[in-house]
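These notes concern the structure reproduced below.
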Amino acid sequence: MGAGYQVNLQTIRSGFDGETCWVHARAGAIPGVGEGGGPAVVMTMQKLLLTGSDVFYTINDMRSDDMGESWSDPAPQEGLARWDAGDGVTGGICDFTPAWHAASGRLLGIGHTVYYRDDAGPMRVRPKEAAYSVYDADTRTWSKARFLAMPDEPRFRTAGAGCVQRFDLEGGTILLPLSYRPDYEEVHSEVIVSRCSFDGETLSLLGLGNALACADPRGLGEPSVTRFGGRFFLTLRNDVRGYVTSGDDGLHFDEPIPWRFDDGEELGNYNTQQHWLMHPEGLFLVYTRRGLGNDHVFRHRAPLLVGEVDPERLCVIRESERAVVPERGARLGNFGVCEVTPHESWIVAGEWMQPRGCEAYGSDNTIWAARVLW
């Protein structure tokens, strides 16, 4: 077993109006600008319309300069608001994740675009771009969203970076996983890892790895990448089961295999993202799964679990599994992981109040921070 840790569970905010709820709560830390020279933590999130499906509004943020003791109120970010895309279509940014980029000294958030003809749900056949924004720590605002320029190939008409976890190499080069549709008209997707530069303002594509695919329904999506022990690891969402793979250079990966426990049983995660919890002495996965008396939770997306990964066998060590964010009827599957200091990481998740009625189990759109103390 690798690094040991303790978890302190904190409520960031709570409250449910019955019509919308906060979703996509994720945090990024800015070193040295908080009280006493500590970090400032910036949390992004956006409102969801409960009568629709994946109907998202302007991204807001909150900030704490005292390690979560107090928070500013949610502030809408004009640069990350919806826009008129013409022909009756409205564009927006969603699935946004902020993370510190040490080489440029900037907090860089990355997500992707979404388009609506009404507020029932996203357009099924639509373009998708990897969207990014940069945080100004002095004015406490995010820049107007910009889009990663991709090669002029049909598959990259739908290349997005929603809900991904990137990895920044020494020197500042970014490994950014992307998902895309090989056939623009279909929903089946594949994954590829890009190598990008970032100069503090502009994110630019430098190269691409190999395409990763599976035959299961809707393919692969919401990829997250990390490095441990000199090797790179990629975890992948799929409708039927979660997948994992590894590679030597961060761009090229082996054929994905299903996530399993070390006893050979499938992990039970499906149709939901997973992310990495990183520490120099151990590789950990944050995930949800079946089999925990949680059949009443949409796609079994609660509680949030942490398990240590065997990097050689690419499996989760069953005896290491522990719940870190509780199940209260609402799903927790859209979450984020942030290194706040070298000795503390946060797993941030908001209770997603769909389907209606999940509040009967105690959920109230609480935004949780599971503070992992190494």
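The values are calculated or read from the model by the stated rules, or taken from the named source; none is laboratory data. The structure displayed is predicted, hence computed values, not measured ones. We place every Cβ from the backbone using ideal geometry, glycine too, and count neighbours over all the protein chains shown.
The table for this structure:
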read-out	value
Subset of region 119-136 that is of a type in the set (Gly, Ala, Ser) and surrounded by 15 or more Cβ atoms within 10 Å (Cβ to Cβ) - its residue that is nearest to Ser189 (Cα to Cα)	Ala130
Scope region 51-67; condition more than 18 Å from the chain's Cα centre (by Cα), buried (at least 18 other Cβ atoms within 10 Å of the Cβ) and either assigned to a loop (DSSP other than H, G, I, E, B) or in contact (Cβ under 8 Å) with a residue 60 or more places away in the chain (or both); matching residues	Arg63, Asp65, Met67
Qualifying strands (runs of 3 or more DSSP E) (wholly inside region 276-374; at least 3 residues being under 18 Å from the mean Cα position of the chain (by Cα) and closer than 20 Å to Arg166 by Cβ)	282-287, 335-341, 344-350
Out of Ala85, Ala120, Ala102, Ala161, sole residue that is modelled with pLDDT under 95 and in contact with a Gly (Cβ under 8 Å, 6 or more places away or on another chain)	Ala120
Members of region 5-33 that are within 24 Å of the chain's Cα centre (by Cα), over 30 Å from Pro355 (Cβ atoms) and part of a loop (DSSP other than H, G, I, E, B)	Tyr5, Pro31
Only listed residue being over 30 Å from Thr51 (Cα atoms) and either under 20 Å from the mean Cα position of the chain (by Cα) or not in a strand (DSSP E or B) (or both), chosen from Val134, Val125	Val134
Meets criteria (at pLDDT 95 or above, small (Gly, Ala, Ser) and surrounded by 22 or more Cβ atoms within 10 Å (Cβ to Cβ)) for Gly350	yes
Hits in region 232-256 (condition: in contact (Cβ under 8 Å) with a residue 60 or more places away in the chain and aromatic (Phe, Trp, Tyr))	Phe232, Phe233, Phe253
Residue pairs meeting the criteria (Cβ under 8 Å; at least 6 apart or on separate chains; first under 27 Å from Pro311 (Cα atoms) and surrounded by 10 or more Cβ atoms within 10 Å (Cβ to Cβ), in region 1-19; second modelled with pLDDT of 95 or more and aromatic (Phe, Trp, Tyr))	Gly2/Phe284; Ala3/Trp374; Gly4/Trp374; Tyr5/Trp374
Residue match in region 172-194 (condition: under 23 Å from Leu277 (Cα atoms) and of a type in the set (D, E, K, R))	no
Selection status of Ala29, on the phi < 0 side of the Ramachandran plot, in contact with a Ser or Thr (Cβ under 8 Å, 6 or more places away or on another chain) and modelled with pLDDT of 95 or more	yes
Some residue of region 75-91 being acidic (Asp, Glu) and on the phi > 0 side of the Ramachandran plot	yes
Sole residue being farther than 18 Å from Pro177 by Cβ, among the small types (Gly, Ala, Ser), in contact (Cβ under 8 Å) with a residue 12 or more places away in the chain and in a loop (DSSP other than H, G, I, E, B), chosen from Ala85, Ala120, Ala149	Ala120
Check on Ala75, within 27 Å of Ser189 (Cβ to Cβ), among the small types (Gly, Ala, Ser) and within 22 Å of the chain's Cα centre (by Cα)	no
Test: residue in region 104-113 that is in contact with a Pro (Cβ under 6 Å, 6 or more places away or on another chain) and assigned to a strand (DSSP E or B)	yes
Residue count, region 188-217 (criterion: out of contact with any strand residue (DSSP E or B) (no Cβ under 8 Å at 6 or more places or on another chain) and either part of a strand (DSSP E or B) or surrounded by 14 or more Cβ atoms within 10 Å (Cβ to Cβ) (or both))	1
